[in-house]
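J.: Dumping the structure here so I can ask a few things about it.
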Amino acid sequence: MNTLGIAAATFLAMSLAASAAQAQSVQRGELLVRRHCGGCHAVGKTGTSTAPAAPPFRELYRRYEPDALAEALAEGVLTGHPDMPEFRFNPQDVKAITAYLRSIQARQPI
């Protein structure tokens, strides 16, 4: 195999590995939000939140850019709503949650 072929094969292998890692991150994010948030919020691409005041996660683009939530997720999500507990996630989990949130948005912000 020539140098160009080796470079192309290496690039393909790296791309596949990155895609697999991204898919695992999205799956981890889904697990986390279902576990910690799914009791009140609709956390999938469809469904209604069980708590009327809890916005569906697929519509968060209306209030926040998913990446803008990263700091709040890491430092502690606080709301004025007494039923919502404080959540704080480690950096790896923050990346997973934001990857999942990006993957389910009903539409992208304008």
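J.: For segment 24-104, restrict the atom set to alpha-carbon positions and state the Rg and Dmax in Å.
T.: Rg and Dmax of segment 24-104, Cα atoms, are 11.5, 33 Å.
J.: Near the amide H of Phe87, under 5 Å away, which other amide H atoms are found, from residues 5 or more places off or on another chain, if H is placed in the peptide plane?
T.: Sorted by chain and number, the residues that satisfy this are Val77.
J.: When Lys and Arg each count +1 and Asp and Glu each count -1, what net charge do the other residues less than 14 Å away from Gln27, Cβ to Cβ, add up to?
T.: Numbers: positive: Arg28, Arg34, Arg35, Lys95, Arg102; negative: Glu30, Asp93.
Surrounding charge for Gln27 is +3.
J.: Now for a different question. Report the label-to-label distance for Asn90 and Ala72 in nanometres (one decimal), using points 7 Å from each Cα along the Cα→Cβ vector.
T.: Between Asn90 and Ala72, the simple spin-label model gives 2.4 nm.
J.: Ranked highest first by average number of other Cβ atoms within 10 Å, how do 42-55, 92-105, 24-37 line up?
T.: 92-105, 24-37, 42-55
J.: Here is a follow-up. Relative to the present Cα-Cα distance, how much length would full extension add between Ala51 and Arg35 at 0.36 nm per residue of separation?
T.: Using 0.36 nm per residue and subtracting the Cα-Cα distance, I get 4.2 nm.
Only the coordinates and a few stated rules stand behind these numbers; no lab work does. Values in this document were obtained by computation on a predicted structure and should not be read as measured data. Cβ sites come from the backbone with ideal geometry, for glycine too, and all protein chains shown count toward neighbours.
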